[in-house]
Amino acid sequence: MVDGLHGRHRWRWALIMSTVAVLLTASAVTVVRALTEGGPERTVTATGGTPAPSATPSPSPSGPPPGANLTGPLNLLLVGVDTRVSVPGWKPHADAVLLLHVPPGLDRAYLFALPRDLLVDIPAFPAAGYRGGRTKLTHAMSYGSRVPDAPKRPDTAQGYELLRATVAGYTGLRIDAGAVITFGGFDRLVDTLGGVDLRIDQRVVSQHRRPDGRHRELRPGGGGYLGPQMVYEPGVRHLNGWQALDYARQRYLSGGAYSRQRHQQQLLKALATKILDEGLARDPDRVEQVVAALGDTLIHVGGPRIVDIAYALGGLDPERLVLVGLPGASVGRGSGYRGEQLTRVGRGFLTELRAGRVEAYLAAHPELRLAS
């Protein structure tokens, strides 16, 4: 059992939450740094901009704990971004879009993903010169990151703001805070932790990597890749950084993009389990390695301070982190494919989440709960 009154459990859960927020609240690492040494926390304001250092004092034992005024609900938007910085003119795309919902009372949490190809209404965004339209969710990040006066220098934090507005409009949820992390940052995070043990639930053949980790070559003229492929066989496997990232990115498999969403959520929980098993939060040197590994590949965006969120969730039992898979279906077929839409059951989950009746809904639809 996790006792929220004991500081060591608070510290452990703060790190877990930052890792569960890896793809993106990615706060975990920075949270622990703030808690253990009062170090700087890189933050971006709600309107975007360049990360700037701000001092976060160590919590005073004589005063109220950080986050004492946070009672929930809390909604954290976690975004994994494909930047492809080597491709001229490429704009950041939201390759993984996850939401962490914590109901009032802060005694449980629900982690679920929205399909990157979900058809949504993206609002107009004057800062990027975008007029608005109905298209795939992943494009909200790229459209929002455009800088009219500097088209070759996209602003990821600005792109997040349009994605946040789009997700809030679709789900009806207020987004309290969020984080963005690039593929390179996630890769380094896993390696810094010494890899991760993951239960692979189906045979996965990589489209992007060879067995030795090298990237496969593009087929001349496009249309796929060449060379041997890395294969992930079912069972409990120990994955290093590039393997974990590669496995979580694959979408050409049974279940398609929905299987990929499940694998990403399972990977996040596996990372949280590893942190618990190693007692990482009690080792300041290892924590510092994690912070250094992420560097500028993560951005914490707006909302309550990370340290406040971490303390507010200090009494949460990790076993009460529920992975939820939202079912969807294609819109259009073949060359007429337009994107994805959630099924009635998937949309119903969002409705009941807003109404505070999510546990009853999951009891009526147990198929939505994902195995860890």
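If you take the C-alpha gyration tensor of the range 174-219, multiply each eigenvalue by 5 and take the square root, what semi-axes do you get, largest first, in whole Å? Write down the numbers at each step before the final one.
Values: eigenvalues 132, 52, 41 Å².
Square roots of five times the eigenvalues give 26, 16, 14 Å.
Take the Cα coordinates of the range 68-157, assign each an equal point scatterer, and use the Debye formula without solvent to give log10 I(q)/I(0) at q = 0.24, 0.25 Å⁻¹.
Evaluating at q = 0.24, 0.25 Å⁻¹ gives log10 I(q)/I(0) of -1.15, -1.19.
Report the charge-dipole magnitude of the range 103-236 in Debye, nearest 20, computed about the Cα centre from +1 at each Lys and Arg Cβ and -1 at each Asp and Glu Cβ. Could you put the intermediate results ahead of the total?
Working: 18 positive and 14 negative charges, 89 e Å.
With only Lys, Arg, Asp and Glu charged at Cβ, the dipole is about 420 debye.
Which values of log₁₀ I(q)/I(0), to two decimal places, follow from the Debye formula for the range 203-257 at q = 0.12, 0.14, 0.16, 0.31 Å⁻¹ with a uniform point scatterer at every Cα?
Debye curve over Cα of the range 203-257, log10 I(q)/I(0) at q = 0.12, 0.14, 0.16, 0.31 Å⁻¹: -0.27, -0.37, -0.48, -1.35.
How high is the FRET efficiency between residue 205 and residue 351 when r is their beta carbon distance and R₀ equals 35 Å, given to the nearest 0.05?
Working: r = 37 Å, r/R0 = 1.06.
According to the calculation, E is roughly 0.40.
Can you check what the Kirkwood hydrodynamic radius comes to for the range 118-250, Cα pairs only, in Å to one decimal? It would help to have the intermediate numbers written out before the result.
Details: mean 1/r = 0.0573 Å⁻¹.
Evaluated over the range 118-250, this radius sits at 17.5 Å.
With r as the distance between the Cβ atoms of residue 90 and residue 254 and R0 = 41 Å, compute the FRET efficiency 1/(1 + (r/R0)^6) and round to 0.05.
Numbers: r = 30 Å, r/R0 = 0.73.
Computed FRET efficiency for residue 254 and residue 90: 0.85.
Report the rotationally averaged projected area of the range 159-235 based on its alpha-carbon convex hull, in square nanometres. It would help to have the intermediate numbers written out before the result.
On the way: hull surface 34.2 nm².
Average of the hull's projected areas for the range 159-235 equals 8.6 nm².
Which one of 202, 238, 218 is farthest out on the positive end of the charge dipole of the range 144-280, using unit charges on Cβ (Lys, Arg +1; Asp, Glu -1) and the Cα centre as origin?
Towards the positive end, the residue furthest out is 218.
With a cap of 15 neighbouring Cβ atoms within 10 Å, and only residues DSSP puts in a loop, list the chymotrypsin sites (Phe, Trp or Tyr not before Pro) found in the range 86-145. If you can, show how the numbers build up before the last one.
Working: sites: 90, 110, 112, 130, 143; in loops: 90.
Those satisfying the criteria are 90.
Step through the residues of the range 197-210 one at a time and calculate ³J(HN,Hα) from phi using the Karplus curve (6.51 cos²θ - 1.76 cosθ + 1.60, θ = phi - 60°), rounding each to whole Hz and writing x for Gly and Pro.
8, 10, 7, 7, 9, 7, 5, 10, 9, 6, 8, 10, 10, 7
Using the Cα atoms of the range 327-372, I'd like the radius of gyration and the largest Cα-Cα distance, Dmax, both in angstrom.
In order Rg, Dmax, the Cα atoms of the range 327-372 give 13.4, 40 Å.
Just so you know, all these numbers are worked out from the coordinates, no wet-lab data involved. Just so you know, these numbers come straight off a predicted model, no measurement behind them. Because the Cβ atoms are built from the backbone with ideal geometry, glycine has one as well, and the counts that use them run over all protein chains shown.
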